[in-house]
Structures are given as C-alpha cells and as structure tokens.
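J.: Structure incoming, see below.
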Amino acid sequence: MKIILDVMSGDNAPYEIIEGAFLALNEYPTVEIVMTGDQSVIRNYCFEHGHSLDNPRISIAHTTITISMEDEPLSVVRDKAKSSMGIGLKMLANGEGDAFVSAGNTGALHAGSTLVVRRIKGYSRSAIATLLPLESPLLLIDSGANTEVTKEQLEQFAIMGSIYMNRIFGIDRPRVGLANIGTEPTKGPKRLVEAYNHLSESDKINFIGNIEGKQIPFAECDVLVCDGFTGNTILKLTEGLSKFFMSKVKEVFYKNPLTKASGLVMKPQIKRFKKDFDASEYGGAPMLGISKPVIKAHGSSDATAIKNAIRQSMDFVNTGLIKELARQVQKQDKEEQENE
C-alpha cells in the first residue's frame with residue numbers, strides 16, 4: 001500500500017514528519033511512502049540521522065514550495081498548486097497513491113481535497129471526523145471544515161460518521177447525538193431545533209437526541225454531529241483540558257518527597273492514563289466524504305503521531321470505507337427517486 005506523506009507542512013515539519021515516516025516503514029512492512037517536499041532538505045536530514053533512502057519502499061516527490069498555516073485555503077489550487085500539499089493531493093487524485101496524509105493548513109487541505117481529489121458523488125459537503133480520546137472513542141464531525149451547515153448536511157455527517165464507527169470500531173448502529181446547549185428538543189437556535197426534528201425523522205441513523213457539553217466526556221453517544229465552528233471549539237477545549245489535567249496530576253506528585261515516592265509507585269498507571277487521553281494515539285482525522293482517503297494529522301504532530309496517522313490511513317483503505325459511503329448515498333438517492 002502506497003501512502004503519500006506531506007513532510008513540509010505542520011508545526012514540526014519536516015523533521016518530525018520524516019521521523020514518523022521511518023517509524024511507519026519499520027513497523028508496517030506492507031507500507032510504501034512517497035514523501036512530498038524539498039529533496040535536499042529531506043536527503044540532508046536523513047544523512048545526518050542515519051536514515052537510508054536506498055529503500056524501494058520510500059521515495060521523494062520534489063518541491064520547494066510549502067503552504068503555511070497563514071495561507072488562504074484556495075492557495076493550494078492557485079498560486080501554491082505545486083506545494084508539498086498540492087502535489088500530494090494531485091498524486092492521490094491521479095491514482096499514484098492509496099491515501100494522503102498531511103499535518104498542514106486545515107482550510108487548504110479541505111479545499112484541496114474537495115477541488116482536486118473531489119467529493120463522493122451525492123455528498124454536498126465533506127467533513128473532518130476527529131476521534132476524541134475519551135472513556136470510549138467518540139467521533140466528532142465536523143471538527144473544523146464547515147462553519148455553516150444545513151440540517152440535511154448534518155444528516156449526511158451523521159451517516160458518514162455512523163459508517164466510520166461501524167467499519168473501524170465494529171459498533172452496531174452507532175448512537176448519534178447533536179451538539180447543543182440542552183437535551184430538550186426545543187433548546188438552541190432555530191437551526192438546531194430544525195436539525196433535531198430532521199435527524200429525529202431519519203431512518204438512516206440511530207439518533208438519540210441533543211448532547212450537552214457536560215455529557216461529551218462520558219461518551220454518551222458514538223457520533224457527535226455539529227458545524228465545524230462548534231466542533232473545532234469542542235476539540236480544542238478537549239485537548240487543552242487534557243493537558244491541563246495532566247499538568248495538575250504531575251504537580252500533585254512532585255509536591256514533596258512523600259508524593260514523589262507515591263508517584264514512582266503510580267508511574268505505570270499514570271503513563272496508561274496519559275496514553276488513554278492522548279489524541280496522537282489516533283494519529284489524525286479523516287476527511288469523510290472525499291472520494292479517496294485523506295487524513296489530517298494534528299498540526300503539532302510528533303513522529304509517533306505521524307506514524308499513527310499513516311496506520312490510520314492504511315486502515316481507512318483496508319476497510320473499504322469509501323465504497324460503503326458511496327453505496328449508502330446511492331441507495332438513499334434511489335429511495336428518494338422511488339418515493340417521488
């Protein structure tokens with residue numbers, strides 16, 4: 001399986017991205033990786049750190065152009081179409097790889113995926129689906145791609161998220177919740193009240209109602225649907241609170257000699273606790289609704305997170321998720337035509 005990896009995008013690019021590529025090569029014997037980026041930078045780094053490029057499972061697609069976090073989303077198809085992200089997306093669209101992974105500019109990756117790789121026919125929007133590291137996995141969709149959505153698009157997000165949780169985690173009839181300020185059907189602005197009623201009437205999903213913020217950490221649903229603005233706020237708050245709690249736990253155990261001794265005894269449990277709430281364990285967020293697998297890795301991804309994002313992209317391909325998403329929307333269209 002060939003994975004295209006954008007090594008020039010992200011807060012820790014290119015070095016952590018390159019390290020992640022070699023971790024993946026060592027751990028996953030069936031993977032091939034095409035690194036898109038500056039050939040001289042990649043070669044120099046590999047030479048200095050003992051990584052051999054004389055390996056048929058790794059290659060470089062050269063470009064010196066990079067999309068920054070400040071660039072406009074459409075730059076990926078305009079003035080920076082030949083950037084490491086732009087080239088990678090074009091290669092994926094042309095069938096020169098099975099999946100694409102980038103830790104770069106979210107807006108540019110979403111725009112490029114939509115305009116270069118294209119959406120699955122029948123889906124009006126693609127969405128970023130992020131797994132929140134909670135007591136049990138909760139898929140947040142959309143977590144940053146679409147700031148404004150319709151009730152019909154929320155239903156499509158729910159369908160995509162349900163298929164993902166079924167295929168990846170084996171959950172039968174995943175529970176779908178709508179992010180809102182209260183559990184009552186009449187809570188929230190008009191658009192959310194209308195969305196609640198629309199989702200309640202859908203026989204394509206297992207809708208369980210509104211989900212308040214205080215319910216999210218307890219994973220009272222399997223798929224949480226919302227617009228991208230709300231989703232990204234939930235995501236960033238969850239990440240921030242996770243780091244805050246870990247810093248407080250560390251502070252408690254380093255308070256005095258007695259607590260330090262207790263900390264040594266508890267170290268394995270603390271490490272497991274930290275791992276359970278570490279978003280990097282999931283690697284990245286799939287762009288659901290795109291016709292080929294695109295994974296958005298976290299902007300601050302380290303080598304381990306990139307390795308996990310590559311593993312996630314491989315799982316994405318192996319499960320046949322995109323074929324199932326396409327089949328589902330075609331089935332829906334056929335049913336609607338028959339009912340007309």
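J.: Using the structure shown, decide if Gly107 is of a type outside the set (A, V, I, L, M), in the same structural domain as Thr304 (by TED's automatic domain parsing), closer than 30 Å to Lys151 by Cα and in contact with a Pro (Cβ under 6 Å, 6 or more places away or on another chain).
T.: On the way: of a type outside the set (A, V, I, L, M): yes; in the same structural domain as Thr304 (by TED's automatic domain parsing): yes; closer than 30 Å to Lys151 by Cα: yes; in contact with a Pro (Cβ under 6 Å, 6 or more places away or on another chain): yes.
Considered against the rule, which asks whether it is of a type outside the set (A, V, I, L, M), in the same structural domain as Thr304 (by TED's automatic domain parsing), closer than 30 Å to Lys151 by Cα and in contact with a Pro (Cβ under 6 Å, 6 or more places away or on another chain), Gly107 comes out as yes.
Yes/no per residue for (1) at pLDDT 95 or above; (2) over 21 Å from Pro217 (Cα atoms):
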| site | (1), (2) |
| --- | --- |
| Ala99 | yes, yes |
| Gly122 | no, yes |
| Arg125 | no, yes |
| Glu135 | no, no |
| Gly161 | yes, no |
| Ile168 | no, no |
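J.: May I pose another question? Would you kindly identify the helices (runs of 4 or more DSSP H) lying entirely within the stretch 234-340 that contain at least 2 residues that are modelled with pLDDT of 90 or more and within 24 Å of the chain's Cα centre (by Cα)? First the steps, then the outcome.
T.: Working: elements: 257-276, 303-318, 321-339.
Ranges flagged: 303-318, 321-339.
J.: Can you tell me which residue among Thr106, Thr183, Thr114 is under 21 Å from Ile211 (Cβ atoms) and of a type in the set (S, T, N, Q)?
T.: Values: Thr106 fails: under 21 Å from Ile211 (Cβ atoms); Thr114 fails: under 21 Å from Ile211 (Cβ atoms).
Only one candidate qualifies: Thr183.
Residues are listed down the side, and each one gets a yes or a no for (1) aromatic (Phe, Trp, Tyr); (2) farther than 14 Å from Lys296 by Cα:
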{"residue": "Met85", "(1), (2)": "no, no"}
{"residue": "Gly88", "(1), (2)": "no, no"}
{"residue": "Ala93", "(1), (2)": "no, yes"}
{"residue": "Phe100", "(1), (2)": "yes, no"}
{"residue": "Gly107", "(1), (2)": "no, no"}
{"residue": "Gly122", "(1), (2)": "no, yes"}
{"residue": "Asp142", "(1), (2)": "no, no"}
{"residue": "Ala158", "(1), (2)": "no, yes"}
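J.: Can you tell me which residues in the stretch 90-124 are crowded, with 22+ Cβ neighbours inside 10 Å and part of a loop (DSSP other than H, G, I, E, B)?
T.: The answer is Gly97, Ala103, Gly104, Asn105.
J.: Moving on. Being outside the structural domain of Gly320 (by TED's automatic domain parsing) and touching an Asp or Glu at 6+ places or on another chain (Cβ under 6 Å) is the requirement here; does Pro189 meet it?
T.: On the way: outside the structural domain of Gly320 (by TED's automatic domain parsing): yes; touching an Asp or Glu at 6+ places or on another chain (Cβ under 6 Å): no.
Against the criterion (outside the structural domain of Gly320 (by TED's automatic domain parsing) and touching an Asp or Glu at 6+ places or on another chain (Cβ under 6 Å)), Pro189 does not qualify.
J.: Let me ask another. Here are some conditions: (1) surrounded by fewer than 18 Cβ atoms within 10 Å (Cβ to Cβ); (2) at negative phi; (3) in contact (Cβ under 8 Å) with a residue 12 or more places away in the chain; (4) of a type outside the set (D, E, K, R). Leu241 meets all but one. Which one does it not meet?
T.: Condition not satisfied by Leu241: (3).
J.: Can you tell me which residues in the stretch 129-166 are over 22 Å from Pro73 (Cα atoms), surrounded by 24 or more Cβ atoms within 10 Å (Cβ to Cβ) and of a type in the set (S, T, N, Q)?
T.: Listed by number, the residues that qualify are Gln156, Ser162.
J.: Quick one: count up the residues across the stretch 42-61 that are assigned to a helix (DSSP H, G or I) and either outside the structural domain of Ile17 (by TED's automatic domain parsing) or touching a Phe, Trp or Tyr at 6+ places or on another chain (Cβ under 9 Å) (or both). Outline the logic, then answer.
T.: Applying the first criterion (assigned to a helix (DSSP H, G or I)) to the stretch 42-61 yields 42-48.
Subsequent filtering for residues that are either outside the structural domain of Ile17 (by TED's automatic domain parsing) or touching a Phe, Trp or Tyr at 6+ places or on another chain (Cβ under 9 Å) (or both) retains 45-46.
Residues in the stretch 42-61 being assigned to a helix (DSSP H, G or I) and either outside the structural domain of Ile17 (by TED's automatic domain parsing) or touching a Phe, Trp or Tyr at 6+ places or on another chain (Cβ under 9 Å) (or both): 2 in total.
J.: What residue, of Ala219, Ala195, is over 27 Å from Gly107 (Cα atoms) and out of contact with any Cys (no Cβ under 9 Å at 6 or more places or on another chain)?
T.: Details: Ala195 fails: over 27 Å from Gly107 (Cα atoms).
The conditions single out Ala219.
J.: Here is a further query. Taking the condition without any contact (Cβ under 8 Å) to a residue 60 or more places away in the chain, within 19 Å of the chain's Cα centre (by Cα) and either more than 25 Å from Phe316 (Cβ to Cβ) or not assigned by TED's automatic domain parsing to the domain that holds Val317 (or both), does Phe169 pass?
T.: Values: without any contact (Cβ under 8 Å) to a residue 60 or more places away in the chain: yes; within 19 Å of the chain's Cα centre (by Cα): yes; either more than 25 Å from Phe316 (Cβ to Cβ) or not assigned by TED's automatic domain parsing to the domain that holds Val317 (or both): yes.
Yes.
J.: Here's something else I'd like to know. Of the residues that make up the stretch 58-79, is at least one buried (at least 20 other Cβ atoms within 10 Å of the Cβ), within 22 Å of the chain's Cα centre (by Cα) and aliphatic (A, V, I, L, M)?
T.: For the stretch 58-79, residues buried (at least 20 other Cβ atoms within 10 Å of the Cβ), within 22 Å of the chain's Cα centre (by Cα) and aliphatic (A, V, I, L, M): present.
J.: Among all residue pairs at least 6 apart or on different chains, which show Cβ distances below 6 Å where the first residue, located in the stretch 67-92, is in the same structural domain as Met8 (by TED's automatic domain parsing) and the second is modelled with pLDDT of 95 or more and surrounded by fewer than 19 Cβ atoms within 10 Å (Cβ to Cβ)?
T.: Short answer, once both residue conditions are applied: Val77/Leu115; Lys80/Ile65; Lys82/Ile65; Ser83/Ile65.
J.: Is at least one residue of the stretch 182-190 surrounded by 17 or more Cβ atoms within 10 Å (Cβ to Cβ) and touching a residue at least 40 places away in the same chain (Cβ under 8 Å)?
T.: Initial filter on the stretch 182-190 (surrounded by 17 or more Cβ atoms within 10 Å (Cβ to Cβ)): 188.
Now restrict to residues that are touching a residue at least 40 places away in the same chain (Cβ under 8 Å): none.
No: zero hits.
J.: Mind checking which strands (runs of 3 or more DSSP E) fall wholly inside the stretch 137-219 and carry at least 2 residues that are touching a helix residue (DSSP H, G or I) at 6+ places or on another chain (Cβ under 6 Å)? First the steps, then the outcome.
T.: On the way: elements: 138-141, 175-179, 206-211.
So the answer is 138-141, 175-179.
J.: Of the numbered conditions (1) surrounded by 20 or more Cβ atoms within 10 Å (Cβ to Cβ); (2) modelled with pLDDT of 95 or more, His198 fails exactly one; give the number of that condition.
T.: Of everything listed in (1) surrounded by 20 or more Cβ atoms within 10 Å (Cβ to Cβ); (2) modelled with pLDDT of 95 or more, His198 misses just condition (1).
The values are calculated or read from the model by the stated rules, or taken from the named source; none is laboratory data. No experiment lies behind these values; they were computed from the predicted model shown. Cβ coordinates were reconstructed from backbone atoms using ideal geometry, including for glycine residues, and neighbour counts include every protein chain displayed.
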